[in-house]
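Structure first, then comments.
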Amino acid sequence: MDHSTKFCVIGAGASGLAVAKNFKLHAIPFDCLEREADLGGLWNIATKSGVVYETTHLVSAATSTWFDDYPMDEATCLAYPSHAQILDYFRGFVRHFELAPHIAFGCSVQHVAPRADKLWDVTIAGENRPRVYRGVVLANGHHHVPRMPSYPGRFAGEILHSSAYRSPRQLRDKRILVVGAGNSACDIARDAAHSSGSIVTMSFRRGYWFIPKFLLGFPTHDVVTTIETLPMPNIVRRIIFEVSLWVLQGPPSRYRLPDPDHHIDQAHPTMSDDIPRLAAHGRIQVKPEIERYDGANVVFKDGTSTAFDTVIFATGYKIEFPFIDSALVNNGEGRPLFFKHAFHPAFDTLFAAGLVQANGSIWRLADYQGRLMARFIHALDKAPASAAWFRRLKAAPPAAKAHHFVGSERHTLEANYFVYRRQLKRLTRGFGWSLARLERKVPRPVYGPPKPWWDWRARKPAPVVVQSGTPPIAAE
C-alpha cells in the first residue's frame with residue numbers, strides 16, 4: 001500500500017488525537033499508529049503506556065482542560081474527572097470526529113529515518129519493509145523513560161519510580177519516602193498517608209508553591225484564566241497571584257513546609273489541597289535531598305537518618321525518542337530542537353505534538369499545534385511564499401526566553417500556557433486569508449446565546465454528553 005502522500009502520527013494519546021482531528025478536518029491524509037491495543041496513552045491504566053494510578057484525577061479543571069470543540073457536559077462532569085472518565089472522553093472524541101478508521105492499534109514504530117527524496121521511512125514491528133510516509137508527527141509523549149537519581153550506598157528496602165505505582169494497596173502499612181514535589185509525588189504521598197499508620201516523608205530539593213484546586217468556590221485554573229485575559233504587565237499578574245494565595249492559604253511555612261525560593265510563575269505548579277493540610281496534621285514530614293543510603297535507612301543532607309520500607313521517586317522522565325536518531329531531534333545538551341516545541345528547524349515534514357510542559361491544558365496546546373501544522377502543510381502545497389516565511393521563522397536560531405523558569409530538568413520543556421497559546425494563534429493567523437479560506441469547511445464550535453460580559457465562563461461551546469463505561473475503540 002502506498003503511504004507516500006500520508007503523514008504518520010505516532011501515538012493515539014491526547015496529543016496524537018488532537019493532531020489527527022485537525023488533519024482530518026483539513027483533509028490531510030494520515031495514519032495514526034498506536035503500539036498499544038487501545039487509545040489513551042498515559043491516561044489508559046490498562047496499557048503499558050499508562051502512567052496513571054487508581055486515584056488519578058485531572059490536576060487542572062475539566063472546564064479549562066477539555067478540547068475547545070468537544071466540551072464535556074458541565075451538568076454531569078466533575079470539576080476534576082478521574083482517569084477512567086478521561087479515557088471515556090477520549091473514546092467519545094474519536095467517535096465524534098470519526099477518527100477510528102485512521103487509527104491502527106498494535107503498530108509499534110521501531111525506527112523513523114529521513115530519505116533522500118524528502119520522504120520518511122517508518123519501520124513497524126512485524127512488517128518486512130518500512131512504510132514510506134510524506135511526514136511524521138511525534139506524538140508518543142515523553143513519559144516512557146523514568147528519571148531515577150542515584151545515591152551512594154545500598155538501600156535494603158524497595159525502590160520504585162512513580163510510573164510503577166498503580167494502587168494505594170502498594171503502600172499499605174509501609175514506611176514511605178516520596179522523592180519529589182510535583183503533582184504525582186503529592187498524590188502518592190496523600191495515598192500513603194491514608195494507607196499507613198506511619199508518618200509519610202517527602203524529600204524536597206527546594207520549597208514549592210502548593211496551589212489549591214478551588215479558589216472562592218471556582219476551579220483555580222478558571223479563575224487564573226480570567227485574570228490572564230485582563231491587560232496588565234506580567235509582574236502585576238504575579239503579584240496578584242502570590243498575594244491572593246498568601247491571603248487565602250498563607251505561606252507554606254505555616255504548614256511546616258519550606259517556603260519557595262522562586263516566584264509562583266517560575267515553576268510548574270503543584271496543584272494540591274492535601275499536602276499542606278497533611279503536613280499541618282503531622283501525617284507528612286519534609287526532608288531535604290537524599291545524601292546516601294545506609295541499609296534500611298536513608299541519610300538526608302541535613303544529617304538526619306530515617307528507616308523506610310519503600311522509596312518512591314516521582315522525579316519525572318527523560319526526554320527520549322528511542323525510534324529516531326537523537327541527533328535529529330535533540331541539541332548537544334539533550335534538549336529538543338523543535339521550534340515552538342512542535343516544528344523541526346530543518347525538516348519541513350517532521351513535527352512534535354504535546355512536547356511541552358505548561359501551567360494549563362496540554363491537550364488544548366496540542367490542538368493549537370495541530371492547527372498550525374495543518375496550515376503549514378497547506379502552505380507547502382498551495383502557498384509557497386507563506387511556507388517560505390514560516391520556514392525562515394522555524395530555522396532561525398532560538399531567541400532568548402523572556403520568561404525564566406527554575407533551572408531544573410523538570411522545566412526543560414516549560415512554557416507559560418497563556419503566552420504559548422497566544423504565540424501559536426498569532427503564527428496561525430500569520431499565514432493570511434488565502435490559506436484561511438481553505439478552512440471554510442472546518443466545523444466550528446457551536447455557541448449558545450450570549451452571556452453577560454461579567455460571566456467569566458461566557459461563550460463556552462455547546463456541551464457534549466460523555467457516557468461512562470464506553471467500550472474501547474479497538475473492540476469495535
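Read-outs throughout are calculated quantities, based only on the coordinates presented, and are distinct from any laboratory measurement. Everything numeric here is computed off the predicted structure, so don't read it as measured data. Reconstructed Cβ throughout: ideal geometry from the backbone, glycine too, with neighbour counts over all protein chains shown.
Averaged over residues, the count of other Cβ atoms within 10 Å places the peptides 58-64, 321-327 in the sequence 58-64, 321-327, highest first. Helices in the chain, meaning DSSP H runs of at least 4 residues, each add -39500 (n - 2.57). Divided by all residues, the mean residue ellipticity at 222 nm is -8000 deg cm²/dmol. Think of the chain as a dipole: +1 on every Lys or Arg Cβ, -1 on every Asp or Glu Cβ, centred on the Cα centre; then among 244, 285, 428, 428 lies furthest on the positive end. Taking a straight line from the alpha carbon of residue 340, these aspartates and glutamates sit under 12 Å away, with near neighbours fewer than eight places off in the same chain left out: 414. Write down Rg/Rh for the range 10-165, rounded to two decimals, with Rg from the C-alpha atoms and Rh from the Kirkwood relation over Cα pairs. Using Cα coordinates only, the ratio equals 1.04.
Using a cut-off of 24 Å between Cα atoms, the listed pairs 6/318; 6/48; 394/425; 48/118; 48/287 include 6/318; 6/48; 48/118; 48/287 as exceeding that distance.
For the chain, compute Rh as the Kirkwood radius over C-alpha pairs and then the Stokes-Einstein diffusion coefficient at 4 °C and 1.567 mPa s; write the answer in µm²/s, rounded to an integer. Rounded to a whole number, D works out at 54 µm²/s.
Between the residues 183, 305, 18, the greatest Cα displacement towards the positive end of the dipole of the chain, with unit charges on the Cβ of Lys, Arg, Asp and Glu, is found for 18.
Taken about its Cα centre, the chain carries a charge dipole of roughly 1180 debye when the Cβ of each Lys and Arg holds +1 and the Cβ of each Asp and Glu holds -1. The long axis of helix 234-248 is offset from the longest Cα principal axis of the chain by roughly 40 degrees. Normalising the Debye intensity of the range 196-249 to I(0), with uniform scatterers on Cα atoms only, and taking log10 at q = 0.29 Å⁻¹ returns -1.21. Based on Cα contacts under 8 Å between residues 6+ apart, the chain shows a relative contact order of 21 percent. Phi-derived couplings, Karplus 6.51 cos²θ - 1.76 cosθ + 1.60 at θ = phi - 60°, listed residue by residue for the range 119-127: 9, 10, 8, 10, 8, 10, 4, x, 9 Hz, with x used for Gly and Pro.
Using the per-residue mean of other Cβ atoms lying within 10 Å as a proxy for protection, in what order, highest first, do the peptides 384-395, 290-301, 202-213, 31-42 fall?
31-42, 202-213, 290-301, 384-395
Would you mind classifying the range 145-242 by shape? Square roots of the alpha carbon gyration tensor eigenvalues, ordered a ≥ b ≥ c; an a/c under 1.5 is rounded, otherwise it is prolate if a/b is larger than b/c and oblate if not. Here the range 145-242 falls in the prolate category. The long axis of helix 362-382 is offset from the longest Cα principal axis of the chain by roughly 20 degrees. Here the range 256-382 has an Rg and Dmax of 21.3, 66 Å, counting Cα atoms alone.
Let me know the shape class of the range 254-323, please: from the alpha-carbon gyration tensor, a ≥ b ≥ c as square roots of the eigenvalues, rounded when a/c is under 1.5, otherwise prolate if a/b is greater than b/c, or oblate. Here the range 254-323 falls in the oblate category. For residue 202, nonlocal amide neighbours, meaning residues 5 or more places apart or on other chains whose placed amide H falls under 5 Å from its own, are 178, 285, 286, 287. Overall, the range 111-151 carries a charge dipole of about 80 debye about its Cα centre when +1 sits on the Cβ of Lys and Arg and -1 on the Cβ of Asp and Glu, all other atoms neutral. Would you be so kind as to identify which of 159, 120, 107 lies farthest towards the positive end of the dipole of the range 98-165, taking Lys and Arg as +1 and Asp and Glu as -1 on Cβ and the Cα centre as origin? Value: 120.
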